[in-house]
Structures are given as structure tokens and as C-alpha cells.
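Structure, as C-alpha cells:
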Amino acid sequence: MSTLLADTGNPDLGLLQAVNGLAAGAPHWVDSLVSWVGEYGILLGLAALCLTAWLQARRRPDAPVAVAGLIWAPVAVALAELANLPISAIVDRPRPFVDHPELVVLVEGKEGTLSFVSDHSTMSMGIAVGLLLVNRRLGLLAGVLALLQGFCRMFMGVHYPTDVIGGYALATAVVLLLAPIAMAVLVPFCHALTRTALAPLVVARGSRSGRAETRRRRRGTAAPAPAPEEPAAERDLAA
């Protein structure tokens, strides 16, 4: 089988064997825990961070801009995953345990799938970079989870280190390079939502930005002021 990365160099394989070797000596419950965290847990944690960031963004003075940035994060991840389809097909790299059966594999059903780049690493880093553009504290926390994701995928024996790094690079490039174009579309969209019944999704009621938006809507929909009454003398002349 012709592959671009089938002949893995010693640093790549050596690091994978060092991390995956921890699974061989760990108790069964540790292997099960790391497998669950690497497959589902970190993604659920990132979803919780996104929810927290959204609740905070709705109360910011620039709420429509902040919410637009949060919308961009999952959209960018979807675009990165689409970009990975041709990349994965071109590289055509099998899972590490296919060429190295001595590895400990902690997840089933991956035999017929490709290894480069790591989808889980792409998703986690895409969310982390997207959050970092909106909320530095939550973005850094998401970055830690993204790094942990890469470790878990190697621990589970389903990805080489370069698969993980490739996922990080792909996600970061998509999020940062396309952000100006995305925000040019999403910011006006979020501003438009504030003038509809979906406004609470963008601006929290009772926040400073929410009160300002309410005042703008009232000014825009207020009934026109009545015309001043004609003086009595002018009414008499008209009669």
C-alpha cells in the first residue's frame, strides 16, 4: 500500500510507544477512564466551556460581536473536518496499530479508518482557538483540554504524534485565517437577531447591552408624535 507517512520515523513512533506503553502497565480502570475521556469526555467538557462562554458573552457590552465569535468556533471546526477529508485520503495513513501490532489499543472499530489527521485533535483545538478569540480565560482552559486530548489519543494507540500535531495545525489555520471573513458575515447576522424574537440568544435581558438594545428598538418602533394643534385663530380663518 502506498502511503506518504507509512514509514514512520523513530521520533514519531518512539513517542507513541512511550505514551502508549503507559496503558500496558496501568490498571484496567485507568485504561477505561482514559479511553472514555479521550473519546467523549473532553468533547463534552469543551461543549460545557462553550455554553459558559455563551452565557457570559450575552452580558458583555459587545454581546453581538462576542456571540458571533462563539458561533464561528463550531463552524470553523466543521470546515476543518471537511478540509481533512481530502487530506486524509491523499496521505492514506493507516492507524498505528495496523503497522505496529505490539501497541495496546483501547478502542474498537478503528481498523478500517485512517490516522492522519486526528479528528478529535482537530475538533478540540478548533474550539480552543475559537474560544481564545472571545474569552481568554476559557480559551486557555480549552487549550489545556485540547493538549490532553492529543495525549489520550496516543495513550489509546489510535494516533501517531504527528496525527495530533497535524490536527492542531489544521484547526488553528482554519480558525485564524478565515475569521475575518466569517466575522464580516456573523456580526451583522447577530445584530439582526437582536431585532427579532431571538434576541435573548444574543443579548441577555437586564444586561447593559440588553437595555441599550431595548432602548434602540423602542425608539425605532415608537408611534409618531401627534401634530401640534392648530391655533384657534387659524381655525376660525379656515372656517
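Which condition breaks for VAL98 when tested against (1) touching a residue at least 40 places away in the same chain (Cβ under 8 Å); (2) in a helix (DSSP H, G or I); (3) of a type in the set (Val, Ile, Thr); (4) over 30 Å from LEU201 (Cα atoms)?
Condition (1) is where VAL98 drops out.
Would you mind telling me which numbered condition in (1) assigned to a helix (DSSP H, G or I); (2) under 26 Å from PRO188 (Cβ atoms) LEU15 fails?
Condition (2) is where LEU15 drops out.
Pairs needed: first member in the range 106-127, without any contact (Cβ under 8 Å) to a residue 40 or more places away in the chain; second member anywhere, part of a helix (DSSP H, G or I); C-beta distance under 7 Å; at least 6 residues apart or different chains.
Going by the 7 Å Cβ cut-off, the qualifying pairs are LEU114/SER88.
Go through the residues of the range 37-52 one by one and say whether even a single one is over 15 Å from the mean Cα position of the chain (by Cα), of a type in the set (Asp, Glu), modelled with pLDDT under 95 and more than 20 Å from LEU147 (Cα to Cα).
No; the residues of the range 37-52 include none that is over 15 Å from the mean Cα position of the chain (by Cα), of a type in the set (Asp, Glu), modelled with pLDDT under 95 and more than 20 Å from LEU147 (Cα to Cα).
Applying the selection to the range 85-95, what residues are touching a residue at least 24 places away in the same chain (Cβ under 8 Å) and either part of a helix (DSSP H, G or I) or closer than 23 Å to LEU141 by Cα (or both)?
ILE87, SER88, ALA89, ILE90, VAL91
Just give me the residues in the range 160-175 being touching a Leu at 6+ places or on another chain (Cβ under 8 Å) and of a type outside the set (S, T, N, Q), in sequence order.
Of everything in the range 160-175, those that are touching a Leu at 6+ places or on another chain (Cβ under 8 Å) and of a type outside the set (S, T, N, Q) turn out to be TYR160, PRO161, VAL174, VAL175.
LEU103 - would you say it is surrounded by fewer than 16 Cβ atoms within 10 Å (Cβ to Cβ) and either at pLDDT below 95 or not in a helix (DSSP H, G or I) (or both)?
It is false that LEU103 is surrounded by fewer than 16 Cβ atoms within 10 Å (Cβ to Cβ) and either at pLDDT below 95 or not in a helix (DSSP H, G or I) (or both).
Are any residues in the range 161-194 of a type outside the set (A, V, I, L, M, F, W, C) and part of a helix (DSSP H, G or I), and if so, which ones?
Looking only at the range 161-194, we keep the residues that are of a type outside the set (A, V, I, L, M, F, W, C), and these are 161-163, 166-168, 172, 180, 188, 191, 194.
Of everything in the range 161-194, those that are of a type outside the set (A, V, I, L, M, F, W, C) and part of a helix (DSSP H, G or I) turn out to be PRO161, THR162, ASP163, GLY166, GLY167, TYR168, THR172, PRO180, PRO188, HIS191.
Looking at ARG137, is it part of a helix (DSSP H, G or I) and either free of Cβ contacts under 8 Å to residues at least 60 places away in the same chain or more than 21 Å from the chain's Cα centre (by Cα) (or both)?
Yes, satisfied.
Being among the small types (Gly, Ala, Ser), under 22 Å from LEU55 (Cβ atoms) and at pLDDT below 90 is the filter here, so list the residues in the range 171-228 that pass it.
If the condition is that a residue be among the small types (Gly, Ala, Ser), under 22 Å from LEU55 (Cβ atoms) and at pLDDT below 90, then ALA204, GLY206, SER207, SER209, GLY210, ALA212 are the ones that fit.
List every residue pair whose Cβ atoms lie under 7 Å apart, where the two residues are 6 or more positions apart in sequence or sit on different chains, the first residue falls within the range 170-198 and is over 23 Å from ASN84 (Cβ atoms), and the second residue, located anywhere, is of a type in the set (Val, Ile, Thr) and assigned to a helix (DSSP H, G or I).
VAL187/VAL65; CYS190/VAL67
Looking at GLU81, is it among the acidic types (Asp, Glu) and under 18 Å from TYR168 (Cα atoms)? Talk me through it step by step, then tell me what you get.
Numbers: among the acidic types (Asp, Glu): yes; under 18 Å from TYR168 (Cα atoms): yes.
Yes: the conditions hold for GLU81.
Which residue, of LEU145, LEU82, LEU132, is touching a residue at least 60 places away in the same chain (Cβ under 8 Å) and either among the hydrophobic types (A, V, I, L, M, F, W, C) or surrounded by 19 or more Cβ atoms within 10 Å (Cβ to Cβ) (or both)?
Numbers: LEU82 fails: touching a residue at least 60 places away in the same chain (Cβ under 8 Å); LEU132 fails: touching a residue at least 60 places away in the same chain (Cβ under 8 Å).
Exactly one residue qualifies, and that residue is LEU145.
Which of the residues spanning the range 51-70 are buried (at least 20 other Cβ atoms within 10 Å of the Cβ) and assigned to a helix (DSSP H, G or I)?
ALA53, ALA57, ALA63, PRO64, ALA66, VAL67, ALA68, GLY69, LEU70
The values are calculated or read from the model by the stated rules, or taken from the named source; none is laboratory data. Computed from a predicted model, the values in this text were never measured in an experiment. When we count neighbours, we look across all protein chains shown, and the Cβ atoms used for this are built from the backbone with ideal geometry, even at glycine.
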